[in-house]
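Please read the structure below before turning to the comments.
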Amino acid sequence: MKKLFVMAAMLLSVVGSMAQEGKQMVLVEKFVNKSSANDAVANTLQQSIVSGLVGTKRLDVVDAATMVDLPTVKNDLLVYLNENGIGWMVEGILNSVSSAKKSMTISGKTSYYYEGNVNYTLTLINTESGFTVISETLTDSSTGDSETEAITAAANDAKKRMERFVQNNFKVEATIKALDEVDAKKGVKTCYVSIGSDMGVEKGQIFEVFAQIQVAGENVDRKIGEVKVLEVVSGTMSRCSTKDGGPAIKNAFENQQKITVRSRAKKDVLGGFGGLIKL
């Protein structure tokens, strides 16, 4: 019990400092191994997910593998995490692993290698409500000189999915710091927003712009355009250009309407996710 109280105090201290940065906190639970592989593969997969989440710079990540005396009953764990400022929990299951010996012939010379595959399920849970936000089963593949090397490499590749995972499932809020270039006819050409590298924003990111309007007494978001990050000015500010909807964005801003900008997920072979930013 003493250890639990000490850990809670440490978590509260960490949460207090992290809240200043505006980042959400997520616990990555110890992965369950349901495959025929040894636990080392599940541990490698878990560490890959942790590394990928940290690498987005959008979240503060707590690795359950480094903690002791957490509640073992799931409902108790969710309550405990929520009370200590950790709003999200990621559960992982290593479902299966497989490997196959392959050959490749170049200029008449044949060489051999192994292809490894890991199949796993990630589940994101809101600790306050206990609801599952998303549960996805995924497969990553890679190659190596041995079965072990190929499977380990495949598990390590899981980190590449985390950028899309975060973009789609975690909300980030910001404000317009200033309109930059404004044209009488074309409307807003560029503007500054109060979010930058501290939250993982990168040059080239595209966001859909929504303005809040009232319909039958209810607030409804209506898409009015798109903006693209031209330059990440600092940890807390970026300069954006308007791709579409310059006049509508200008009108909404001047009329002090609530403007929401939602990131548009990039599609790739790993699959995509998306996110939310409010201006």
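The values are calculated or read from the model by the stated rules, or taken from the named source; none is laboratory data. Nothing here was measured: the structure is a model prediction, and the numbers come from that model. Cβ sites come from the backbone with ideal geometry, for glycine too, and all protein chains shown count toward neighbours.
Residues in the range 223-240 that are out of contact with any strand residue (DSSP E or B) (no Cβ under 8 Å at 6 or more places or on another chain) and either assigned to a strand (DSSP E or B) or not assigned by TED's automatic domain parsing to the domain that holds I176 (or both): S234 only. The single condition among (1) under 21 Å from R264 (Cβ atoms); (2) at pLDDT 90 or above that S234 does not satisfy is (1). Here A37 meets the list (1) over 25 Å from the mean Cα position of the chain (by Cα); (2) among the aliphatic types (A, V, I, L, M); (3) part of a strand (DSSP E or B) almost entirely, failing just condition (3). Would you please name the residue that is surrounded by the fewest Cβ atoms within 10 Å (Cβ to Cβ), looking only at residues in the range 23-46 that are within 23 Å of E128 (Cα to Cα) and of a type in the set (D, E, K, R)? The residue in question is K30. The residue that is farthest from the chain's Cα centre (by Cα), counting only those in the range 55-71 that are in a loop (DSSP other than H, G, I, E, B) and within 18 Å of G200 (Cα to Cα), is K57.
Residues in the range 120-138 that are closer than 17 Å to G85 by Cα and touching a strand residue (DSSP E or B) at 6+ places or on another chain (Cβ under 8 Å) were compared, and the one that is surrounded by the fewest Cβ atoms within 10 Å (Cβ to Cβ) is F131. The single condition from (1) in a helix (DSSP H, G or I); (2) at pLDDT 95 or above that R161 fails is (2).
Looking at I86, I49, I106, which one is among the β-branched types (V, I, T), farther than 21 Å from A154 by Cβ and buried (at least 20 other Cβ atoms within 10 Å of the Cβ)?
Matching residue, one of I86, I49, I106: I86.
Being in the same structural domain as D140 (by TED's automatic domain parsing), under 25 Å from the mean Cα position of the chain (by Cα) and at pLDDT below 50 is the requirement here; does A19 meet it? Yes: the conditions hold for A19. Is it the case that T44 is β-branched (V, I, T), assigned by TED's automatic domain parsing to the domain that holds N156 and in contact with a Ser or Thr (Cβ under 9 Å, 6 or more places away or on another chain)? Taking the combined requirement at face value, the residue satisfies it. The condition (being at pLDDT 95 or above, among the hydrophobic types (A, V, I, L, M, F, W, C) and touching a Ser or Thr at 6+ places or on another chain (Cβ under 7 Å)) is satisfied by just one residue among L53, L27, L81, L77: L81. One residue stands out in the range 198-217 among those that are small (G, A, S) and buried (at least 16 other Cβ atoms within 10 Å of the Cβ): the one that is modelled with the lowest pLDDT, namely G200. Going by the structure shown, is T190 modelled with pLDDT of 90 or more, touching a Leu at 6+ places or on another chain (Cβ under 8 Å) and farther than 30 Å from G116 by Cβ? It is true that T190 is modelled with pLDDT of 90 or more, touching a Leu at 6+ places or on another chain (Cβ under 8 Å) and farther than 30 Å from G116 by Cβ. I'd like to know if the range 241-262 contains one or more residues that are among the small types (G, A, S), in a strand (DSSP E or B) and modelled with pLDDT of 90 or more. Looking for residues that are among the small types (G, A, S), in a strand (DSSP E or B) and modelled with pLDDT of 90 or more, one finds at least one in the range 241-262, hence yes. Selection of the range 86-126 for residues being closer than 15 Å to D63 by Cα and modelled with pLDDT under 95 yields an empty set.
Of all residues in the range 147-197, those being surrounded by fewer than 16 Cβ atoms within 10 Å (Cβ to Cβ), outside the structural domain of L230 (by TED's automatic domain parsing) and β-branched (V, I, T) number 0.
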